[in-house]
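What follows is a set of notes on a single structure, which appears directly below.
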Amino acid sequence: VSRPRVLSGIQPTAGSFHLGNYLGAIRQWVALQETHDAFYCVVDLHAITVAQDPKTLRQNTRVSAAQLLALGIDPEHATLFVQSHVPEHAQLGWVLQCLTGFGEAGRMTQFKDKSARQEAQVGVGLFTYPILQAADILLYQAHHVPVGEDQRQHLELTRDLAQRFNTRYGKTFRLPEAYIVKDTAKIFDLQDPTSKMSKSVPTGVVELLEDPKRGAKKIRSAVTDTGREIVYDPAGKAGVSNLLVIYSALTGRTVDELVAAYEGKGYGDLKKDLGEVYTDFVTPVQERVRHYLSDVSELDKILARGAERAREVAAKTLARAYDRLGF
Ligand code: ADP
Ligand code: NA
């Protein structure tokens, strides 16, 4: 029996991923490569929906791939590739754009958020981005797509477009399902624990590639409330609860175990220990990232092999779709 296929992508724009990206997404990618035929891509086509400096983009794409490898994506096990290396993404993207209603695309709430936040001119690519995302998924006939709340609407669009194509032209695409991964942690900003950790609000963000000492210091100076008891209470004690979730995710100890272990101790103890846990986690990751980036030609080879494997699948799907379309 072959394993179900999973597809997921991450943007290279930030350069360094942050702790939320790791605990909320990449860590699950690593687990899914054991149970699934996994396709993971660095989505550089999506990145240019916002203006990018070419040199920086190329560097960030490599840095992103290096981080994925350093965090445990095994290129022998999963297919790791760069989106622009597989031209079928853009090709199917066009086909799907022609199937999407203007109003339908306009209902995507992420576009509304992103375009409202963006100061520079908003390009059409930002508007059609979820359609390219649909192509990313459908090309691989993915069974499962790991999705957070913010991506649900895009997966619905993907399913609608697959269904529409299949109805109009004959069965071509598998309808992907949302895959809720257990142990997915939503990580909050360390300075504002009511909003999620995100590069767009950079104050309380721990970047995986920043000096571990700085990262640990950010953890030690995380905002906590005025009480003193270490309890898990996301509504009443958002800061402490966030730290417990991070601690639990990085150590595999349950939140309950941690609460018991810290009975009678203070926030300072928790933060100091978590700072050390984080340092122990991130230091070898950074070493591996440096290793991958020290030999860019080897890294590029890994990505070229990934793109080749991805293309085998993507080209087959696209050829079928083109045939159905009358091309
Ligand atoms: P950002 O919000 O910093 O722009 P992205 O939107 O690029 O990050 O997110 C990439 C992946 O990381 C997505 O799967 C997203 O759900 C996940 N992710 C981002 N921030 C967090 C967070 N604070 N907690 C958990 N997961 C997160
Ligand atoms: Na986001």
- per DSSP, antiparallel bridges as share of beta bridges in the chain, % nearest 5, sits at 20
- Query: What trypsin sites (Lys or Arg not before Pro) in the stretch 269-300 are in a loop by DSSP, with at most 10 other Cβ atoms within 10 Å of the Cβ?
  - Reply: none
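Suppose every K and R has +1 on its Cβ and every D and E has -1 on its Cβ; what is the size of the dipole of the stretch 65-118 about the Cα centre, in Debye to the nearest 20?
With only Lys, Arg, Asp and Glu charged at Cβ, the dipole is about 400 debye.
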- By the C-alpha gyration tensor axes a ≥ b ≥ c (rounded if a/c is under 1.5, else prolate when a/b exceeds b/c, else oblate), the shape of the stretch 249-327 is oblate
- Query: Expressed as a rounded percentage, what relative contact order does the stretch 164-244 have, with Cα pairs under 8 Å and six or more residues apart?
  - Reply: 22
- About the Cα centre, charge dipole magnitude for the chain (Lys/Arg +1, Asp/Glu -1 at Cβ), debye: 660
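For the chain, what does -39500 (n - 2.57) per DSSP helix run (n ≥ 4), summed and divided by total residues, give at 222 nm, in deg cm²/dmol to the nearest 500? It would help to have the intermediate numbers written out before the result.
Details: 13 runs with 175 residues, N = 327.
My calculation for the chain gives -17000 deg cm²/dmol from helical runs alone.
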- Sequence order, the stretch 299-304: Karplus ³J(HN,Hα) from phi using 6.51 cos²θ - 1.76 cosθ + 1.60, θ = phi - 60°, Hz rounded, Gly and Pro as x, gives 4, 4, 5, 4, 5, 5
- Message: How much length would be gained if the chain were fully extended between THR203 and GLU287, taking 0.36 nm per residue of separation minus their Cα-Cα distance, in nm to one decimal?
- Response: 27.7 nm
- Each label point is 7 Å from the Cα along the Cα-to-Cβ direction; what then is the distance between the points at GLU263 and LEU325, in nm? 6.4
- Which values of log₁₀ I(q)/I(0), to two decimal places, follow from the Debye formula for the stretch 8-110 at q = 0.12, 0.22 Å⁻¹ with a uniform point scatterer at every Cα? -0.47, -1.19
- Item | Burial ranking of peptide ranges 161-170, 96-105 (average Cβ count within 10 Å, highest at the top) | 161-170, 96-105
- Whole number in Å², please: accessible area per residue of the chain, 1.4 Å probe, ligands, DNA and RNA not counted. 48
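When only C-alpha pairs under 8 Å and at least 6 residues apart count, what is the relative contact order of the chain, in percent?
Details: 494 pairs, mean separation 74.2, N = 327.
Reported as a whole number, the value is 23 percent.
Report, to two decimal places, the Cα Rg of the stretch 72-157 normalised by 2.2 N^0.38 Å (N = number of residues).
Working: Rg = 14.3 Å, N = 86, 2.2 N^0.38 = 12.0 Å.
My calculation over the Cα atoms of the stretch 72-157 gives 1.20.
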- Query: Points 7 angstrom from Cα along the Cβ direction at PHE102 and GLU298: gap in nanometres?
  - Reply: 5.3
- Of PRO87, HIS18, HIS77, which is farthest along the charge dipole of the chain in the positive direction, counting Lys and Arg as +1 and Asp and Glu as -1 at C-beta? PRO87
- Item | Reachable lysines from LYS114, criterion Cα separation under 16 angstrom, eight or more residues apart if same chain | LYS196, LYS199
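If N is the number of residues in the chain, what value comes out of its Cα radius of gyration divided by 2.2 N^0.38 Å?
Values: Rg = 20.8 Å, N = 327, 2.2 N^0.38 = 19.9 Å.
Against the empirical 2.2 N^0.38 Å value, I get 1.05 for the chain.
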- From the backbone phi of the stretch 267-275, what are the Karplus-calculated ³J(HN,Hα) couplings (6.51 cos²θ - 1.76 cosθ + 1.60, θ = phi - 60°) in whole Hz, Gly and Pro given as x? 4, x, 4, 4, 5, 5, 5, 5, x
- Out of GLY123, PRO234, LEU139, whose Cα points farthest toward the positive end of the dipole of the stretch 118-258 (charges: +1 Lys, Arg; -1 Asp, Glu; placed on Cβ)? LEU139
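The values are calculated or read from the model by the stated rules, or taken from the named source; none is laboratory data. None of the values given here were measured: they were computed from a predicted structure. So basically every Cβ, Gly included, is an ideal-geometry build from the backbone, and we count neighbours across all protein chains shown. Surface areas here come from the heavy atoms of the whole protein model, side chains and all, with no ligands, DNA or RNA. Shrake-Rupley method; radii C 1.70, N 1.55, O 1.52, S 1.80 Å.
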